[in-house]
Amino acid sequence: MCGIVGFTGTKEAAPILLSGLTKLEYRGYDSAGIAVIDSGTINMVKSPGKIVNLYNKTHNGSDLHGFTGIGHTRWATHGVPNEINAHPHMSEHGNIAIVHNGIIENYMELKEFLISQGVTFVSETDTEVVVQLLEYYYIQLKDLRDAIFKVLQVIEGAYALVILCKDYPDSFVVARKDAPLLLGFGDGCNFVASDATAIIEYTREVAYMEDGEVAFITKDNIDVYDSFGQPIEKEHHIIDWDISAAEKGGYAHFMFKEIMEQPEAIRKTMSPRIRDNRIVFDDLKIDKAFMEKVDRIYIVACGSSYHVGMVGKYNMERLLRVPVDPVLASEFRYSDPLVTENTLIIVISQSGETLDTMAALREAKKRGAHITSIVNVVGSSIARESDDVLYTWAGPEIAVATTKAYSTQLTLLNMLGLYFADMLHTVEESEYNKIVEEMQWLPEKIESILQNTDQIKYLASRYFNHNSIFFIGRNLDYALGMEGSLKLKEISYIHSEAYASGELKHGTISLIEKGTLVVALGTYGPLFDKAMSNVVEVRARGADVMAITTVSHADEMQKNVDFAVAVPDTHLILQPSLGIVPLQLFAYYVALQRGCDIDKPRNLAKSVTVE
Ligand code: F6R
């Protein structure tokens, strides 16, 4: 969601900004723009639609000259995605241009004030208020730094801001509150970006901005100040993933590449945490004394990460015999949650920047809960604010629809559940050993599914024209169906819903008619027979049924459905890790047949930093 990049150095800024914005495309956007300072004038080019429009408008950046500039991809919130509303926004007298990620909550009140002072607005955005206010104070105070600190005291909401001022042609200023921003230290040049993908081509040395911090950036220096204006030293980090991880590497889409990377991603996530067939979390602060007191676990997340939490509920309750509630972060934060110091909160987030999840985390922390997070992006806000962070080592995930991050989150959550169960002796030793052994076979078993995609491809070509698809399953298969359905709808734009099979007859079955496609999930052994009765019910009403099941149940399933896709058997708590793979592939191939923009589905963003 909204991507930011800024550069100052001794090279032309525009091509660097355009290339950085292209790397940030995956975050989701609907307009883009850049601004560069040339001989004391800020020149701006903006466009609705894709970044290619900016390349075309500027002859690949060659029309804009100057060594300092800022760029932005906008995911519209206030005002439609047109050229005027696109960032950067320029102040009325052309002194200042800014790009902004986040939402200024008191913008109406500030806008009214500025209008009363004679300021004219051109856009519908909340961002323009910031740039006009900054110019207003700059003219009054005659000091950019004072004006910036003044504005930051007045604006409310979330922001990552990058500010260019025509009077300082060799520098820019950045400020952060509740929106991601990192500083990049180059050789004779410096950067700012929403995430490392934008700048890794130029530097791996970064520092993560914290809330309230402001940085003044020239090609040789980055001076950072806290919210009181006191200088601070930032810890430098080295990005250790390879640039190829953020490139397609011969695949048609990032999503397909990332589906294919799942075995390796799971290996990387799992193997450092299994020693002599025992799960170890060296870095976890939670001990047995704490776990013995825990009387409730909340798993807080959004979207696919929440679906991981749904699997976690079934598995952790089974292993720990403690109530486990997966809760949508956007609901949790406003629900006056029942959190005490005996509550364990597990926060799951690929990006580590999802605003709803972040806010839920803070709410739980305020109430005294211990926060353990499962995060993919190292150094992200959620990682930094948690008491414990467990990283999934999935590498950068670029496709908006998550696949490898989901799979590694699932692996890690299962490992955590098993680790706690071992600690509390709520799992039999033989069961523990069996699960750990089966876990280590997951990568190979997923590889075997990925080597045989023809059947799924065929099914996608058969069903891609449907306009409504239902996923049904019980227990872990219900959780799996939720994720399968989300994958399909987000990238193929087919309406789809997931139901607990037993719930169909309480209303939804009225939607089933001749030819409706039902994806029946029958990988959860203990309730296979029950799931079959529900399959029979929908078939009796004319549904086409495509099933995902296990090799051991494939023959039985095949008797009652049109098509059965079989995944290898594993321990039942791990079965969703295999069941998800054909569902991801099905969504991918359906979207491909429909000609959808698979990696960047409409209206969606990779990192959702607004409420
Ligand atoms: C769906 C998807 C989203 C995310 C959700 C949470 O494919 O990717 O539903 O799972 O926006 O994002 P994170 O995990 O970054 O907090």
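The values are calculated or read from the model by the stated rules, or taken from the named source; none is laboratory data. As the structure is a prediction and not an experimental result, all values here were calculated from the model. Here the Cβ positions follow ideal geometry from the backbone for every residue, glycine too, while neighbour counts run over all protein chains shown. Heavy atoms of the whole protein, side chains included, go into the accessibility calculation; ligands, DNA and RNA do not. Shrake-Rupley method; radii C 1.70, N 1.55, O 1.52, S 1.80 Å.
For this structure, a couple of remarks:
- Only a single item in (1) in contact with an Asp or Glu (Cβ under 6 Å, 6 or more places away or on another chain); (2) under 21 Å from Ala460 (Cβ atoms) is not met by Thr570, and it is number (2).
- Restricting attention to the stretch 566-587, the residues that are open to solvent by less than 10 Å² (accessible area, probe 1.4 Å) and farther than 12 Å from Leu476 by Cβ add up to 8.
- Counting the residues of the stretch 293-307 that are assigned to a strand (DSSP E or B) and either assigned by TED's automatic domain parsing to the domain that holds Ala479 or within 14 Å of the ligand (Cβ to nearest atom) (or both) gives 3.
- Residues that are open to solvent by less than 10 Å² (accessible area, probe 1.4 Å) and closer than 17 Å to Ala35 by Cα within the stretch 164-176 comprise Leu164, Cys165, Phe172, Val173, Val174, listed in sequence order.
- Among (1) open to solvent by 10 Å² or more (accessible area, probe 1.4 Å); (2) under 28 Å from the mean Cα position of the chain (by Cα); (3) among the β-branched types (Val, Ile, Thr), the one test that Ile34 misses: (1)
- Complete set of residues in the stretch 266-286 that are in contact (Cβ under 8 Å) with a residue 40 or more places away in the chain and either charged (D, E, K, R) or closer than 29 Å to Glu331 by Cβ (or both): Arg267, Lys268, Thr269, Arg273, Arg278, Phe281, Asp283, Leu284, Lys285, Ile286
- For the stretch 313-355, filtering for residues that are open to solvent by 20 Å² or more (accessible area, probe 1.4 Å), of a type in the set (Gly, Ala, Ser) and either more than 14 Å from the ligand (Cβ to nearest atom) or part of a loop (DSSP other than H, G, I, E, B) (or both) leaves 1.
- Selection of the stretch 177-219 for residues being open to solvent by less than 30 Å² (accessible area, probe 1.4 Å), part of a strand (DSSP E or B) and within 18 Å of Leu164 (Cα to Cα) yields Leu182, Leu183, Gly184, Asn190, Phe191, Val192, Ala193, Val214, Ala215, Ile217.
- Residue check for Ile148: under 22 Å from Asp211 (Cβ atoms), modelled with pLDDT of 95 or more and not in a strand (DSSP E or B): yes
- Top-ranked residue in the stretch 249-292 [being part of a loop (DSSP other than H, G, I, E, B) and under 22 Å from the mean Cα position of the chain (by Cα); ranked as modelled with the lowest pLDDT]: Gly249
- Residues in the stretch 490-507 that are surrounded by fewer than 18 Cβ atoms within 10 Å (Cβ to Cβ) and within 16 Å of the ligand (Cβ to nearest atom): Tyr493, Glu497.
- Number of the condition not met by Thr408 [criteria: (1) closer than 26 Å to Lys487 by Cβ; (2) more than 16 Å from the ligand (Cβ to nearest atom); (3) touching a strand residue (DSSP E or B) at 6+ places or on another chain (Cβ under 9 Å)]: (2)
- Per the listing Met358, Met310, the residue uniquely within 15 Å of Leu412 (Cα to Cα), assigned to a helix (DSSP H, G or I) and either over 23 Å from the mean Cα position of the chain (by Cα) or within 14 Å of the ligand (Cβ to nearest atom) (or both) is Met310.
- The stretch 86-106, residues that are surrounded by 24 or more Cβ atoms within 10 Å (Cβ to Cβ) and assigned to a loop (DSSP other than H, G, I, E, B): Ala86, His87, Pro88, Gly102
Matching residues to (1) touching a Gly at 6+ places or on another chain (Cβ under 8 Å); (2) surrounded by fewer than 23 Cβ atoms within 10 Å (Cβ to Cβ); (3) not in a strand (DSSP E or B):
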| position | (1), (2), (3) |
| --- | --- |
| Thr22 | no, yes, yes |
| Tyr26 | no, no, yes |
| Asn43 | yes, yes, no |
| Ser47 | yes, yes, no |
| Asn56 | no, yes, yes |
| Asn60 | no, yes, yes |
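- Scanning the stretch 474-509 for residues that are free of Cβ contacts under 8 Å to residues at least 40 places away in the same chain and among the charged types (D, E, K, R) yields Lys489, Glu497, Glu503, Lys505.
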